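The values are calculated or read from the model by the stated rules, or taken from the named source; none is laboratory data. Quick caveat: nothing in here was measured; it's all calculated off a predicted structure. Neighbour counts run over all protein chains shown; Cβ positions are idealised from the backbone, glycine included.
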Amino acid sequence: MASNISGNAYALTILSPIKNSFTDDEVSYADTVRDRLQSWNSEPNSPMALVPQTYLCRYFVLDDVYTESLPGASAIDTLIDLLPFVPDSLRRCYWPKEDHLNSSYLVFSCNFHCGPNADLDGYLRNMWNTISDKIKEVWGFCHGFDGVDNADKFIDYMKKCQFEATLFFVGSNDDPLEEQLKALYLKQEFSKFAVSNQGLDTATLRANFKGFIQRVAPANLTAPTWTAGGYRIDKLVKRG
Amino acid sequence: MSNIAGKAYAMNVITPIRSYLTWVNKLIFWAAVKVPGVLTGLVTLSLIHYARWVIIPKDKFPHLDPSQPKENLNYNYMLFFSNFNGSWDQYVDSFTFAIPGGLDLFWKWNIRYSKSVALTPFHDYIRYNQLETIHYYNAYPLAASNDVKSAKTVKSSLIQFEKDTQTVSDEEFLKLYNGLLRGLQHDLGDMYPTPIVTMSAYQVERRQKWHEGKLAEAGENHGK
């Protein structure tokens, strides 16, 4: 599936069919999945923050497809409208047909760092190992998920639901997430340093810079760095 | 529902495409990747983190269980997923202004595609076919795509500068330091949260303030 890969970045597209069933409270499974995903929004951070190498990802429920039902406005449509002897059946065959899905689908679309070996299995294994409870919370309402109780079965299941991208565009970069987070941390800290160390004599500037480099440790990806998914400026930095 | 995670917006668009013309679309996408320069216009849209197009054939929707009803569709479906910075209008308009021709090539064979020019019918088309995200996660909500790219430059420059200035004189250090700042002047800059990072983050903050009894102080105790 080469078109899912651009450099070291991977585009994972999953559509999992949701059972056409209802809970004891008479809520459809599709709405239950929707409610559970919605409840993730009220947690201090997304469960996906725990899954290594996730750049960005999203979940939604596809209930149905859209039908392009606007009456025709092309030259042919107008011509046919002007010709009263054209039967309706002919007129309608020019119009878009109406499509509806027979199942709702849980859609999971994810961009992650896959490395030079395009390691999808490794990513999904980490996902299962870190948030299997959350996975069961939503995928538990999907067809074919019964019996998925370990990482290998989860990988097999996800691959059955996977679609290949026809075009994947990386507008950012495909570095490992810890590289990206460290770089962002350095950008933030060095911007502050540059502003607060203006106009100093060279010896002081040099001493301050030495202290700065020791504090930010540019080559150390573990710490200090930004936490994945951190959105509060006062809690953003992970220290060793 | 949350189409926004920090500075990123998640757009999902699904559009029907005639099955007998899908191969043309796939050929265009293939050429876009293989022929150098075709994606140049897309590259100029530096507000994009990641974007993708996926075509689902009408008979290829996953069927995983005998109890699951099979789909009976007339058309194939093209899904477009994008992660971008800025507002919906800015994004859609910048597509129109930067790569109107490319945009039309990608969507040309989709039913009732309005073309990217004029803007209003194109807005209507995208809005009509857009699906709302329920949960959206961003590993760096404070950073735009340009921040991620410039941060990489800052990191490598900083490491190189430290290496180069280990044994130089103070005078040389200052010269190189000024050169470093000059070289990075387009890459530096503080990042801060947007007024509301996400609706969920906003709710979490509100809840925390509520528990700490600070909502009343902040004048946000409506409905208390």
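For this structure, a couple of remarks:
- Extreme residue, farthest from the other protein chains (Cβ to nearest Cβ), among residues of region A:212-229 that are assigned to a loop (DSSP other than H, G, I, E, B) and without any contact (Cβ under 8 Å) to a residue 12 or more places away in the chain: A:Ala217
- Residue identified as more than 9 Å from chain B (Cβ to nearest Cβ) and not aromatic (Phe, Trp, Tyr) among A:Ala207, A:Ala203: A:Ala207
- Only listed residue being within 7 Å of another protein chain (Cβ to nearest Cβ) and either surrounded by 20 or more Cβ atoms within 10 Å (Cβ to Cβ) or in contact (Cβ under 8 Å) with a residue 60 or more places away in the chain (or both), chosen from B:Val54, B:Val24, B:Val13: B:Val54
- With respect to the conditions (1) in the same structural domain as B:Gly101 (by TED's automatic domain parsing); (2) modelled with pLDDT under 90, B:Arg206 falls short on a single one, namely (1).
Here's the yes/no breakdown for (1) away from chain B (no Cβ under 11 Å); (2) under 17 Å from the mean Cα position of the chain (by Cα); (3) within 22 Å of A:Pro52 (Cα to Cα):
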position	(1), (2), (3)
A:Lys97	no, no, no
A:Leu124	yes, yes, yes
A:Asn129	yes, no, yes
A:Asp133	yes, no, yes
A:Leu167	no, yes, no
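- Apart from one condition, B:Asn76 fits all of (1) more than 7 Å from every other protein chain (Cβ to nearest Cβ); (2) free of Cβ contacts under 8 Å to residues at least 24 places away in the same chain; the exception is (2).
- Selection of region A:157-193 for residues being within 15 Å of B:Ala151 (Cβ to Cβ) and either of a type in the set (Phe, Trp, Tyr) or touching a strand residue (DSSP E or B) at 6+ places or on another chain (Cβ under 6 Å) (or both) yields A:Gly171, A:Ser172, A:Asp174, A:Pro176, A:Leu177, A:Leu181, A:Lys182, A:Leu184, A:Tyr185, A:Phe190, A:Phe193.
- Of all residues in region A:2-26, those that are in the same structural domain as A:Cys110 (by TED's automatic domain parsing) and within 14 Å of A:Leu167 (Cβ to Cβ) have Cβ atoms under 7 Å from Cβ atoms of residues that are outside any loop (DSSP other than H, G, I, E, B) and among the charged types (D, E, K, R), 6 or more apart or on another chain, in A:Ala11/B:Arg52.
- Meets criteria (modelled with pLDDT of 95 or more and surrounded by fewer than 17 Cβ atoms within 10 Å (Cβ to Cβ)) for A:Lys136: yes
- Close pairs from region B:79-104: first more than 14 Å from every other protein chain (Cβ to nearest Cβ) and free of Cβ contacts under 8 Å to residues at least 60 places away in the same chain, partner exposed (fewer than 15 other Cβ atoms within 10 Å of the Cβ) and charged (D, E, K, R), Cβ under 7 Å, at least 6 apart: B:Asp104/B:Lys115
- Count of residues meeting criterion [over 30 Å from the mean Cα position of the chain (by Cα), more than 9 Å from chain B (Cβ to nearest Cβ) and part of a helix (DSSP H, G or I)] in region A:184-200: 2
- Residue in region B:154-177 that is nearest to the chain's Cα centre (by Cα), counting only those that are exposed (fewer than 13 other Cβ atoms within 10 Å of the Cβ) and outside any helix (DSSP H, G or I): B:Gln166
- Criterion violated by B:His123 - all others in (1) within 24 Å of A:Ser109 (Cα to Cα); (2) loosely packed, with under 15 Cβ neighbours inside 10 Å; (3) away from every other protein chain (no Cβ under 12 Å); (4) not charged (D, E, K, R) satisfied: (2)
- Flag if B:Leu184 is surrounded by 16 or more Cβ atoms within 10 Å (Cβ to Cβ) and either under 27 Å from A:Tyr55 (Cα atoms) or touching a Cys at 6+ places or on another chain (Cβ under 6 Å) (or both): yes
- Pairs with Cβ under 9 Å, 6+ apart, first in region A:160-188 and surrounded by fewer than 24 Cβ atoms within 10 Å (Cβ to Cβ), second acidic (Asp, Glu): A:Asn173/A:Glu179
- Whichever residue in region A:135-159 is at the interface with chain B (Cβ under 10 Å from one of its Cβ atoms) and in contact (Cβ under 8 Å) with a residue 12 or more places away in the chain and, among such residues, is nearest to the chain's Cα centre (by Cα): A:Val138
- Some residue of region A:216-226 being within 17 Å of B:Pro193 (Cβ to Cβ) and surrounded by 11 or more Cβ atoms within 10 Å (Cβ to Cβ): yes
- Check on A:Asp174, more than 7 Å from chain B (Cβ to nearest Cβ), over 17 Å from A:Ala49 (Cα atoms) and in a loop (DSSP other than H, G, I, E, B): yes
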